[in-house]
Structures are given as structure tokens and as C-alpha cells.
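Inspection log for the structure reproduced underneath, given as C-alpha cells.
The values are calculated or read from the model by the stated rules, or taken from the named source; none is laboratory data. On a predicted model such as this, the values are computed, not experimentally measured, just so you know. Cβ sites come from the backbone with ideal geometry, for glycine too, and all protein chains shown count toward neighbours. SASA here: full protein model, heavy atoms, side chains in, ligands and nucleic acids out. Shrake-Rupley method; radii C 1.70, N 1.55, O 1.52, S 1.80 Å.
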Amino acid sequence: MDADFLSAYAILTDHPEWIDKLNAIKLVVFDVDGVLTDGRLLYTEHGETIKRFNVKDGVAMKLLPKWGIEVAVITAKDSAPLRQRMKDLKVEHFYPGCHNKAAAFDELVARLGIDPSHAAYVGDDVIDLQVMPKVGVALCPSDAHVLLKRHCPIVLTKAAGEGVAREVADLILATRMPLENAYELAQQPEFEQ
């Protein structure tokens, strides 16, 4: 465990049972816009959408599976840049254009054989409330909608698009080992392949 890292979160200090819940996570599900991106949509003169992703999140989304934690993305949006990013990160469980996130989540945990209490969900807006009551740990970026903050015991320090997935990965991995150990895998040349 990385107690120094975890001690920076008042919720974990005041309610240590959340450390156990984070430690039990086997699946992390991310929303995209407002979580992995800053939520802004840029359009080219030809009407194409451009999204900006944080490289630090990419490291997290590639690292978690190497430690036995499944990563999924369930998003209401769909676009070529999003599909390319998920392909680049080798996200196996990808649900684009999904307006019934609860049904997608239920199908995913059933297919993977994971109890929903061993899943974490990271969202930022009211559509994410479909899934949050179903999971063991609900998290949201610091700039999430107020309704999300009311339903998320863990409000992250990062805002949308500023490394939210990386912070989530750090929290989960820090319940299991020192972060220096967790990131040894990311220092290997083959990690970026």
C-alpha cells in the first residue's frame, strides 16, 4: 500500500473502508466527454469533430489491465477520433453511442463475471447516474455536475481532461502497492507497444 499517497484524500483518512473498496476493484468504467476529455467539442470547417485527450490517462488505461483490472469505456458520444483513441489504447470493452449506460454496464459485468460491487465508475454528468448506484465505487472529476458530486463519495482532485483516469488508477493501485512498484511496468520499452 502507498499510505503516503492515500493520506492526501480526506475521505480515505476519515473513512478507511473506502480503501478496502478501492482495493477490491476489478473493473473501471470511464465516461469520455467531461472525464477523459475536457468536454469541449471543436469543429473543423468541414464539420469534423476534434477531441483532446490527456496522455497521462492513456498510461493509466494501459497500466490497469497489466495489474488485472479491466478497463471499459461507456459513452453517449461516438466519433472517429474517439474510436481511434480507444484503438490506440487497446480498450477491449468499448461502448460508443450508448444512451442506456445501465444496460451496457449490466451486460458488461455479466459477461466478465464481475460482481458490480467490484466495479468503479467514473462520470461527470447526469446520464452517469444510471450506473453510479450500481457500482462499489463511484468517482467524478472535480468539475463534475453538482448532482454527480452528491452521489460520488470520491470527488477527484483533477478536472475533466486533466488526468482523471490517471488519478483513478493511482488511487486503486496505491491500495495494493507503492506507486513506484505499480509504475515499474510502465517504464519497460514494451509498455508503449
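General remarks:
- Evaluation of Lys149 against (1) touching an Asp or Glu at 6+ places or on another chain (Cβ under 9 Å); (2) over 21 Å from Ile69 (Cβ atoms); (3) among the basic types (Lys, Arg) (one fails), failing number: (1)
- Counted residues, the range 153-181 - those being at pLDDT 95 or above, of a type outside the set (Val, Ile, Thr) and in contact with a helix residue (DSSP H, G or I) (Cβ under 7 Å, 6 or more places away or on another chain): 12
- Scan of the range 35-79 for residues that are open to solvent by 40 Å² or more (accessible area, probe 1.4 Å), assigned to a loop (DSSP other than H, G, I, E, B) and among the charged types (D, E, K, R), ordered by number: Asp38, Arg40, Glu45, Glu48, Arg52, Lys77, Asp78
- Number of the condition not met by Phe94 [criteria: (1) farther than 21 Å from Leu171 by Cα; (2) open to solvent by 80 Å² or more (accessible area, probe 1.4 Å); (3) not aliphatic (A, V, I, L, M)]: (2)
- Summed over the range 35-81, residues that are among the polar types (S, T, N, Q) and either touching a residue at least 60 places away in the same chain (Cβ under 8 Å) or under 21 Å from Ala104 (Cα atoms) (or both) total 4.
- Of the residues making up the range 13-24, those that are in contact (Cβ under 8 Å) with a residue 24 or more places away in the chain and either in contact with a Leu (Cβ under 9 Å, 6 or more places away or on another chain) or assigned to a strand (DSSP E or B) (or both) number 3.
- Of all residues in the range 106-129, those that are among the polar types (S, T, N, Q) have Cβ atoms under 7 Å from Cβ atoms of residues that are outside any strand (DSSP E or B) and surrounded by 15 or more Cβ atoms within 10 Å (Cβ to Cβ), 6 or more apart or on another chain, in Ser117/Gly136.
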